[in-house]
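**Student:** I have a structure I would like to understand better, so I am pasting it below and will then ask my questions one at a time.
The values are calculated or read from the model by the stated rules, or taken from the named source; none is laboratory data. Values in this document were obtained by computation on a predicted structure and should not be read as measured data. Note that we place each Cβ from the backbone using ideal geometry, even for glycine, and neighbour counts take in every protein chain shown.
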Amino acid sequence: MKAAILIPVLTSKDAVGADALAMARILDELGIETRVFCQSSSGVQRRTWPAEEMVAFAGGPDDLVIYHYSTGWPLALDLLRRCRGLRMVKYHNITPPEFFQRYSGDYRTACENGRKELEKVAALGFEMYLGDSSYNLEELIAAGAPRERSRVLAPFHRVQEIVEAEADVALIDALTDGARNFLMVGRVAPNKGHLHLVEAFSAYVRAYAEPARLILLGKVDPRLHAYTEAIRQRIDAHGLGEHVLWIDGASEAQLKAAYLASHVFMLMSEHEGFCVPLVEAMALGTPIVAHASSAIPETLGDAGIAWQEQDPWLYAASAARLFTDDDLRSGLLERGRRRYRQSFSNDVLRQRFVELLEPVL
Amino acid sequence: MKKPDADNSLRRIKEEIRAEAQVARSRAAHNPRAAAAPRAIGEIAPARTAVSIDELARFQFIEFIEHAYSVLLGRSPDSAGLTQQIRLLESGRSKIEILGNLRFSGEGRAVGVRVPWLLPRYLLAKAMHIPLIGYAIEWLVCLGGLPRVLRHQRAADAYHAARDHVLREDLAALGAQMQPLREEIARLDRERSEVVAQMQALGERFVPLHAEIGKAFQEVRELRHLVLSMNHWLASLRQNLAALEAAESEHLRKADAVHADVAARLLEFDPQRPARLRHWAAEFAAGLPPAAEVLDIGGGLDWLQSMSSRGLVVTAINQNTEIGQHIRDAGLTVAVAEPSVVLARIADHSLDAVTILDLASILRGLPAVILLDMMRRIVRPTGQVLFGMGAESATIADRLEGRARAQVDGELIERALQASGFVRIRRLAVDDASYCLIADQPN
């Protein structure tokens, strides 16, 4: 038996890439000869093979293929049709194109194309359909995937590596100046709700008159320049330029420092298929206030304060309450650590993954 | 029930937060001044802000392009971009030009990776593409670069001379290493020749052996032919024997049919027979338990039916196939066989009684002593035996075949029964002076 991981682009820091690499590593440990097939890869130590060679390697009746679906890729569907073994698809969700309407035609088109493939993927007759969350899985099922062959498997992540990494002490020192630090982690993209976040942060600054800092940690995408500019303008409109710290392309040490030095992790994202930063915040002990959209309530569970509304004053008041209510903060942190340990630690996910593979092992 | 308590607590806190949000909103409306800004933190540097041209240019071809994209744009090349840059490299454009194209594109400027000295070199490379002037610039650059080229040339000469010396030394060392290898190859060649010679000698020794094996094969073939012939002959013999047995069997069947017919006709001339058999059957059955198991040897169908009508369970032995068939047709159990063979196979004390109406014909094949001993063995305690002294079908058959009628002395049989251990020996007589003997097996 041989196993193939099929993914369009493999990068080590990307959540989808981390999930694919972890699966490949587990399959290696199970003694199954495993290769990762992709169009391109960067920053990855593991050797990869061109996608076109996948069928020759793992297209037989005893082989296993796991396709990581997060963007449109017609070639993958063609390759998967030619495989005769056990085929799994892991759906990481695709951002609805409407979010990019005002900011990037390329992204909008890419997301539209990706979403158009949803029905084709559902109809391809995979032996197993996996979703990072029930939210993702329901989209697949609504597109026609059979419910009896669908399972939830949260994505593998690099949280443990971050927990064990050395934090950037200089950054912690710089951030520990008495100001309340609001942290948002995620690439700067329109579905992440940065504009709502700026509003909530502004509300806090105006209502509570305490020194506060908003840390926007995430990759700034030059192709989404218009969106980044809109955030900057919103910040300037509220006169908060000096309150906001951008950290682009953060190292693991900087990421860990940001979590450790922040007083609240505030997530106002409007669309998430799972949201790994929530799990990072749980594991590193940063209390969470979040907008209960898409898969966020499912990932967050009872480990944070979640609101259906986007009223910025609710988020500002939530942060203020967390800063003053020690019992609430410690209770949420304890629940977060427990939730990470019981539901999202890589050991738990590994066991679940192996259970799903048992029929073919 | 800790979980519901925690849920209730969180729900309550959220209600309080909701109320607090309203208060905060109105408080902010009356306090337009924002809080003081936190301490300024210098620019948080991205993971990488500057990279040298040498660092970027040390990779080759596709690897060079992918690395340049990764560093200067922070992403993998898209397929169109990759194709375009590969085409430029293939057409002889310099790496400086590729790097400049990426770094000074809109996307590259937005990312802003610093590459010292890239801009002037990029501009110079671009200037070389201007018609006529570009050609002149390229000439000038080449002319200006001549002293450096010469310097490089001299350095290369020195390097190659040094390398040539090293290569010669390496070649000599390789030659020295080759010598033992050549000797080893020669030795292997010699050994191979010896092995070939040994194989040829072995081949020659195999020639007579081959002849012997050929002869043996020939003999085996002849033997096989003989065995097959014998098999054929034996098969023919078996067929002939089977035909003879079938004819014999047919003859016996016909003889049995004649004997049965003659016996039936003769017995019809005995008007006392039915009454005699009924009387004997009644007396005999009276001394046995209900449904007693009785074995009859050589009796006719009328005798068997007389016993059956008295509630006895009767099994018959008869040597005549025709009579046997009549008995079977009447629904009774019968074995057509030699009596002595059947008697020898019956288990000890397994029968309640045995009847033999035609004792004379049985004694012709089975001595009285052995017969009585068998009776003692197979009849249960308190069981009975009945011996008839009259003529039956077997005796009639004997006479038809020219054998003398066997004479049975009743007195003698009584004494023999007594001597064998039977008790209560009694004689059942009828008006025509026919009689039978009944004796009991002691308890």
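**Student:** Scan region A:316-342 for residues that are out of contact with any strand residue (DSSP E or B) (no Cβ under 6 Å at 6 or more places or on another chain), of a type in the set (Ser, Thr, Tyr) and within 11 Å of chain B (Cβ to nearest Cβ) and jot them down.
**Tutor:** Hit for region A:316-342 is A:THR324, nothing else.
**Student:** Just wondering, is there one or more residues in region A:188-199 that are within 14 Å of chain B (Cβ to nearest Cβ), within 14 Å of A:PRO277 (Cβ to Cβ) and of a type outside the set (Gly, Ala, Ser)?
**Tutor:** yes
Each row is one residue, and each column tells you yes or no for (1) more than 14 Å from chain B (Cβ to nearest Cβ); (2) among the hydroxyl-bearing types (Ser, Thr, Tyr).
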{"position": "A:TYR135", "(1), (2)": "yes, yes"}
{"position": "A:ILE172", "(1), (2)": "no, no"}
{"position": "A:THR176", "(1), (2)": "no, yes"}
{"position": "A:ALA209", "(1), (2)": "no, no"}
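**Student:** What is the one condition in (1) free of Cβ contacts under 8 Å to residues at least 60 places away in the same chain; (2) under 28 Å from B:ARG424 (Cβ atoms) that B:THR333 does not satisfy?
**Tutor:** (2)
**Student:** If you don't mind, another one. Residues of region B:102-154 being among the aromatic types (Phe, Trp, Tyr), surrounded by 11 or more Cβ atoms within 10 Å (Cβ to Cβ) and away from chain A (no Cβ under 14 Å), which ones?
**Tutor:** Hits for region B:102-154 are B:TYR122, B:TYR135, B:TRP139.
**Student:** Tell me, please, whether a residue that is within 11 Å of another protein chain (Cβ to nearest Cβ) and part of a helix (DSSP H, G or I) can be found in region A:283-304.
**Tutor:** no
**Student:** Something else now. Out of curiosity, is A:LEU278 without any contact (Cβ under 8 Å) to a residue 40 or more places away in the chain, more than 18 Å from A:GLU199 (Cβ to Cβ) and either among the basic types (Lys, Arg) or not in a loop (DSSP other than H, G, I, E, B) (or both)?
**Tutor:** Here the answer is yes, as A:LEU278 does meet what is asked.
**Student:** Related question: In this structure, is A:ARG339 more than 24 Å from A:ALA203 (Cα to Cα), over 18 Å from the mean Cα position of the chain (by Cα) and not assigned by TED's automatic domain parsing to the domain that holds A:MET88? Walk me through how you get there before you give the answer.
**Tutor:** On the way: more than 24 Å from A:ALA203 (Cα to Cα): yes; over 18 Å from the mean Cα position of the chain (by Cα): no; not assigned by TED's automatic domain parsing to the domain that holds A:MET88: yes.
Criteria not met by A:ARG339.
**Student:** Would you check if B:VAL220 is part of a helix (DSSP H, G or I), surrounded by 10 or more Cβ atoms within 10 Å (Cβ to Cβ), outside the structural domain of B:VAL71 (by TED's automatic domain parsing) and at pLDDT 90 or above?
**Tutor:** Criteria met by B:VAL220.
**Student:** Could I ask something else about it? In region A:221-234, how many residues are within 12 Å of chain B (Cβ to nearest Cβ) and either at pLDDT 90 or above or part of a helix (DSSP H, G or I) (or both)?
**Tutor:** Quick first cut of region A:221-234, residues within 12 Å of chain B (Cβ to nearest Cβ) only: A:221-226, A:228-229.
Next, from what is left, pick out any that are either at pLDDT 90 or above or part of a helix (DSSP H, G or I) (or both): A:222-226, A:228-229.
Going through region A:221-234 one residue at a time, the tally reaches 7.
**Student:** Given the criteria more than 60 Å from the chain's Cα centre (by Cα) and loosely packed, with under 12 Cβ neighbours inside 10 Å, does B:GLY92 qualify? Even if it seems obvious, please write down each step before you answer.
**Tutor:** On the way: more than 60 Å from the chain's Cα centre (by Cα): yes; loosely packed, with under 12 Cβ neighbours inside 10 Å: yes.
It is true that B:GLY92 is more than 60 Å from the chain's Cα centre (by Cα) and loosely packed, with under 12 Cβ neighbours inside 10 Å.
**Student:** Can A:LEU260 be described as under 26 Å from A:SER12 (Cβ atoms), in a helix (DSSP H, G or I) and in the same structural domain as A:GLU199 (by TED's automatic domain parsing)? Walk me through it before giving the result.
**Tutor:** Values: under 26 Å from A:SER12 (Cβ atoms): yes; in a helix (DSSP H, G or I): yes; in the same structural domain as A:GLU199 (by TED's automatic domain parsing): yes.
In short, yes.
**Student:** Here's another thing I want to ask about it. Identify the single condition in (1) touching a residue at least 40 places away in the same chain (Cβ under 8 Å); (2) within 26 Å of A:VAL289 (Cβ to Cβ); (3) in contact with a Lys or Arg (Cβ under 7 Å, 6 or more places away or on another chain); (4) of a type outside the set (Lys, Arg) that A:ALA179 does not satisfy, given that it satisfies every other one.
**Tutor:** Condition not satisfied by A:ALA179: (1).
**Student:** Within region B:191-201, identify whether any single residue is in a helix (DSSP H, G or I) and under 30 Å from B:ASN318 (Cβ atoms), and answer yes or no.
**Tutor:** no
**Student:** Inside region A:23-70, can you point out the residues that are assigned to a helix (DSSP H, G or I), buried (at least 19 other Cβ atoms within 10 Å of the Cβ) and not β-branched (Val, Ile, Thr)?
**Tutor:** A:MET23, A:ALA24, A:LEU27, A:ALA51, A:MET54, A:ALA58
**Student:** May I pose another question? Hey, among the residues in region A:91-104 that are assigned to a helix (DSSP H, G or I) and without any contact (Cβ under 8 Å) to a residue 60 or more places away in the chain, which one's nearest to the chain's Cα centre (by Cα)?
**Tutor:** Once the filter is applied, the top-ranked residue is A:PRO97.
**Student:** A follow-up question, please. Suppose we keep only residues that are in a loop (DSSP other than H, G, I, E, B) and within 11 Å of chain B (Cβ to nearest Cβ) within region A:211-220. Which one would you say is surrounded by the fewest Cβ atoms within 10 Å (Cβ to Cβ)?
**Tutor:** The residue in question is A:PRO211.
**Student:** I would also like to ask the following. For region B:106-128, how many residues meet the condition of being on the phi < 0 side of the Ramachandran plot and at pLDDT below 85?
**Tutor:** Adding up the residues that qualify gives 8.
**Student:** Here is a further query. Can you list residue pairs whose Cβ atoms sit under 6 Å apart, with the first residue in region A:284-299 being on the phi > 0 side of the Ramachandran plot and the second being buried (at least 24 other Cβ atoms within 10 Å of the Cβ)? Count only pairs 6 or more apart in sequence or on different chains.
**Tutor:** Listed pairs, sorted by first residue: A:SER294/A:GLU272.
**Student:** Let me ask something else. Take the residues in region A:1-22 that are out of contact with any strand residue (DSSP E or B) (no Cβ under 6 Å at 6 or more places or on another chain) and away from chain B (no Cβ under 14 Å), then tell me which one is farthest from A:GLY249 (Cα to Cα).
**Tutor:** Of region A:1-22, the ones out of contact with any strand residue (DSSP E or B) (no Cβ under 6 Å at 6 or more places or on another chain) are A:1, A:8, A:12-15, A:18-19, A:21-22.
Those still in the list that are away from chain B (no Cβ under 14 Å) too: A:1, A:15, A:18-19, A:21-22.
Values: A:MET1: 39, A:ALA15: 15, A:ALA18: 17, A:ASP19: 20, A:LEU21: 21, A:ALA22: 22 Å.
Looking at residues that are out of contact with any strand residue (DSSP E or B) (no Cβ under 6 Å at 6 or more places or on another chain) and away from chain B (no Cβ under 14 Å), I get A:MET1.
**Student:** Only one residue in A:SER318, A:SER262, A:SER269 is surrounded by 23 or more Cβ atoms within 10 Å (Cβ to Cβ) and in contact with a Leu (Cβ under 6 Å, 6 or more places away or on another chain). Which one?
**Tutor:** A:SER262
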